[in-house]
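What follows is a single structure, written as structure tokens, with notes after it.
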Amino acid sequence: MALKGKEYRELLEPLTEELVGMARWAKATGARIVVIFEGRDTAGKGGAIRAVRDKLNPRQCRTVALSKPSEEEQIQWYFQRYVCHLPHAGEIVLFDRSWYNRAGVERVMGYCSEEEAEAFLKVAPIFEKMLTDDGILLFKYWLTTDQDRQEERLKERGEDPLKRWKLSPVDLAAREKYQAYTDAREAMLKATHTAHAPWTLVDFNDQKRGRLTLIRDLLDRLPDMHIEPPSIDFPDLGHKPHKETYGVLKPLEPYPT
């Protein structure tokens, strides 16, 4: 049974507190955390990322969602445009799709050659070994969803003016390639599921439950993160609070209700 909103929020709250603790730990220890979110269109990557970062400092926790490569990037080393987005000490970076575009959408939709895709599958584990050997904590999640749920969500995007921007020609073309994406994912997992950078699959047919599952797994795979928050002395103001005063400009009239 799909989780209702109220139950989901109640279950998410203690996990969010732990995520705040994770950020505090990363800042105190200089840890560098990378979380990759991959999956089919409409799987729920954006919602999962928002659930992770919602209460974190945006200066510390960044989301990376790159558009298609520029002409200059197309002739660079494939991983080059991702390297500059890797975290500094104390940072958390959430990749909304990642270098694994080459093993998924680029391969299935013909945006790269089979030779380029195969070369990527050979090199990706080496690239990730360099990252983890340097101390980066790398977590790779693939969000799964059945085609009937994907169809429901694509239709919802087309009918909802607030979500229509999410619906692209690539999304529509991908409807006919569900099995091809499955085959590409399995080839990717076979080649890049390694001891130093394993994949984790999460069922996102129920997106709310999927978010909880993913966050719980992420937190459980980190080391002991207990860092006491700094104590803050909050003395009494010592006078009656002031009201705002205006000279040069006045605020807009409040929105009518």
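Restricting attention to the stretch 38-50, the residues being of a type in the set (Gly, Ala, Ser) and either open to solvent by 50 Å² or more (accessible area, probe 1.4 Å) or at negative phi (or both) number 4. Evaluating Arg53 against the criteria (1) farther than 23 Å from Asp220 by Cβ; (2) of a type in the set (Lys, Arg); (3) open to solvent by 20 Å² or more (accessible area, probe 1.4 Å) leaves one unmet condition, (1). Checked against the criterion of being touching a Pro at 6+ places or on another chain (Cβ under 7 Å) and not basic (Lys, Arg), the candidates Thr213, Thr192, Thr144, Thr200 yield just one match: Thr192. Looking across Gly135, Gly110, Gly158, one residue alone is in a loop (DSSP other than H, G, I, E, B), of a type in the set (Gly, Ala, Ser) and at pLDDT below 95. It is Gly110. So, in the stretch 167-188, of the ones that are without any contact (Cβ under 8 Å) to a residue 24 or more places away in the chain and not in a loop (DSSP other than H, G, I, E, B), which residue ends up nearest to Arg40 (Cα to Cα)? So, considering only residues that are without any contact (Cβ under 8 Å) to a residue 24 or more places away in the chain and not in a loop (DSSP other than H, G, I, E, B), the one nearest to Arg40 (Cα to Cα) is Thr182. Only residues that are in contact with a helix residue (DSSP H, G or I) (Cβ under 7 Å, 6 or more places away or on another chain) and open to solvent by 30 Å² or more (accessible area, probe 1.4 Å) were counted in the stretch 138-154, giving 1.
Tell me, yes or no, whether the stretch 76-97 has at least one residue that is modelled with pLDDT under 95 and of a type outside the set (S, T, N, Q). No; the residues of the stretch 76-97 include none that is modelled with pLDDT under 95 and of a type outside the set (S, T, N, Q).
Sub-7 Å Cβ pairs linking a first residue in the stretch 115-144 that is of a type in the set (Ser, Thr, Tyr) to a second residue that is open to solvent by 20 Å² or more (accessible area, probe 1.4 Å), at least 6 apart or interchain, are Thr132/His196; Tyr141/Thr200; Thr144/Leu201; Thr144/Asp203, ordered by first then second residue. Remark: pairs (first residue in the stretch 8-27, open to solvent by 30 Å² or more (accessible area, probe 1.4 Å); second residue at pLDDT 95 or above and not in a helix (DSSP H, G or I); Cβ separation under 8 Å; 6+ apart in sequence or on different chains) = Val20/Lys55; Val20/Leu56; Lys27/Gln60; Lys27/Gly90. Out of Arg40, Arg32, one residue alone is closer than 29 Å to Gly135 by Cβ and not aromatic (Phe, Trp, Tyr). It is Arg32.
Residues of the stretch 164-182 that are surrounded by 13 or more Cβ atoms within 10 Å (Cβ to Cβ) and at pLDDT 85 or above: Lys166, Leu167, Lys177, Tyr178, Ala180, Tyr181, Thr182. Residue check: His226 meets all listed conditions (1) part of a loop (DSSP other than H, G, I, E, B); (2) open to solvent by less than 100 Å² (accessible area, probe 1.4 Å); (3) within 30 Å of Glu13 (Cα to Cα); (4) in contact (Cβ under 8 Å) with a residue 60 or more places away in the chain but one, namely (2).
Once the stretch 83-119 is narrowed to residues that are open to solvent by less than 10 Å² (accessible area, probe 1.4 Å) and aromatic (Phe, Trp, Tyr), the residue that is nearest to the chain's Cα centre (by Cα) is Phe95.
Cβ-Cβ distances below 6 Å connect no pair with a first residue in the stretch 43-56 that is hydroxyl-bearing (Ser, Thr, Tyr), a second residue that is at pLDDT below 95 and open to solvent by less than 30 Å² (accessible area, probe 1.4 Å), and a separation of six or more residues or different chains. Taken as a whole, the stretch 24-33 holds no residue that is within 14 Å of the chain's Cα centre (by Cα) and part of a helix (DSSP H, G or I).
Is it the case that Leu237 is surrounded by 10 or more Cβ atoms within 10 Å (Cβ to Cβ) and hydrophobic (A, V, I, L, M, F, W, C)? No. Return yes when Asp217 is open to solvent by less than 40 Å² (accessible area, probe 1.4 Å), assigned to a helix (DSSP H, G or I) and not aromatic (Phe, Trp, Tyr) and no when it is not. Taking the combined requirement at face value, the residue does not satisfy it. Applying the set (1) under 26 Å from Tyr178 (Cα atoms); (2) surrounded by fewer than 21 Cβ atoms within 10 Å (Cβ to Cβ) to Ile75 leaves exactly one unmet item: (1).
The values are calculated or read from the model by the stated rules, or taken from the named source; none is laboratory data. Computed from a predicted model, the values in this text were never measured in an experiment. Because the Cβ atoms are built from the backbone with ideal geometry, glycine has one as well, and the counts that use them run over all protein chains shown. With ligands, DNA and RNA removed, areas are computed over all heavy atoms of the protein, side chains included. Shrake-Rupley method; radii C 1.70, N 1.55, O 1.52, S 1.80 Å.
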